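One structure is given below, encoded as structure tokens.
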Amino acid sequence: MTKYLISFPSAAMVVPDEEMRAVSDASHAVVQEAKDAGVWVFGGGIDESVPPVMVDGDGTVTEGTYAQTKQLEGGYAVLEVPSREEALEWAARFATACRCAQEVREFGYDPAS
């Protein structure tokens, strides 16, 4: 089976404050469906209040990040499913729950795992 990253940036989720609870409940319901189906690997949202840091091989820690990932935020789910089609079906469920389109990316095969 293949792992897929299903995600969206924070700015894509434009929901009125009074509807946020319903969106949260709907997205948690899809997460529970994925867990019940045995395809859930990991998920969550990036805590945008905590700044990223870079760690070098010698352990040196510096504030900041790679320029191309400066805007890495939002919500993420990693699912392990038998086909890309099934990953797209789950993405559609998340899109409905979160009220925004979801990006789907496939993880590369790791022969050691």
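Read the figures in this text as sums done on the coordinates, not as results from a lab. It should be emphasised that the depicted structure is a prediction, and the values quoted were computed from it without experimental measurement. Cβ atoms come from the backbone with ideal geometry, glycine included; neighbour counts cover every protein chain shown.
Coordinate range of the alpha-carbon atoms in the chain per principal axis, descending: 43, 42, 21 Å. The string of couplings for region 75-81 from the Karplus curve (6.51, -1.76, 1.60, θ = phi - 60°) is x, 9, 9, 10, 10, 10, 10 Hz, one whole number per residue in order, with x for Gly and Pro. If you take the Cα centroid of region 80-113 and the Cα centroid of region 1-42, the two points sit 11 Å apart.
For the peptides 105-112, 6-13, the ranking by packing is 6-13, 105-112, with the highest mean count of neighbouring Cβ atoms within 10 Å listed first.
Compactness of region 30-82 is given as radius of gyration and Dmax, 15.4, 42 Å, from Cα positions. Using C-alpha pairs below 8 Å separated by at least 6 residues, the relative contact order for the chain is 50 percent.
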